[in-house]
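The following block contains the structure, expressed as structure tokens.
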Amino acid sequence: MRTALTRARLLALALVVTGVTGVMALSATAATSKSVVKVTKSATLHTSILVNRQGRTLYSLSAETHGRFICTDKVCLSLWKPLVVSRGTKPAGAPKLATIKRPDGRLQVTYRGLPLYSFAEDTKAGDTKGNGFKDVGTWRVAAIGKAAAAPPPTGGYGGYGG
């Protein structure tokens, strides 16, 4: 991050010296990159997956596409914790990361356009208990390359609130 800031300052200085205007806006709005996810190999899924800084598995909901949010009420958010970053942060740590503004105004990290969440019932690094959870869509582990396979049916969770 220090190198990126130094480069931005050098660019701003070079633009000032050459007489280019609007330099302050450029350096003031430069996003900082922050590693918010890691890629790790899942022993249970036998594929590379995304995890947060604490090593907890990250998931996306199949129905949350094209900027449409499903997980917005207290019940859903008690199980699924959005991976959020502060304004001006460019998420790093894996390819195809970006952010999207949630209905509550926070910036949520996305992978391949899908918002990322951790699952409250994953109690330790490596847990993938939320994979295959079904309600208004299906929750899947954020896997590198292809979607994580659904686990075999075990009776399910029956959705929220129940």
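By a straight-distance test (C-alpha under 21 Å), which lysines pair with Lys129 as possible cross-link partners, with residues fewer than eight away in the same chain excluded?
Of all the lysines, those that pass the test against Lys129 - Cα under 21 Å, at least 8 places apart if same chain - are Lys38, Lys41, Lys74, Lys81, Lys146.
Run the numbers for Arg68 and Lys129: contour at 0.36 nm per residue of separation, minus the present Cα-Cα distance, in nm.
19.5 nm
In terms of modelled amide H atoms, which long-range or inter-chain residues lie less than 5 Å from the amide H of Ser42?
Here Thr47, Ser48, Ile49 satisfy the definition.
Just so you know, all these numbers are worked out from the coordinates, no wet-lab data involved. The shown structure was predicted, so the numbers you read here are calculated from the model rather than taken from an experiment.
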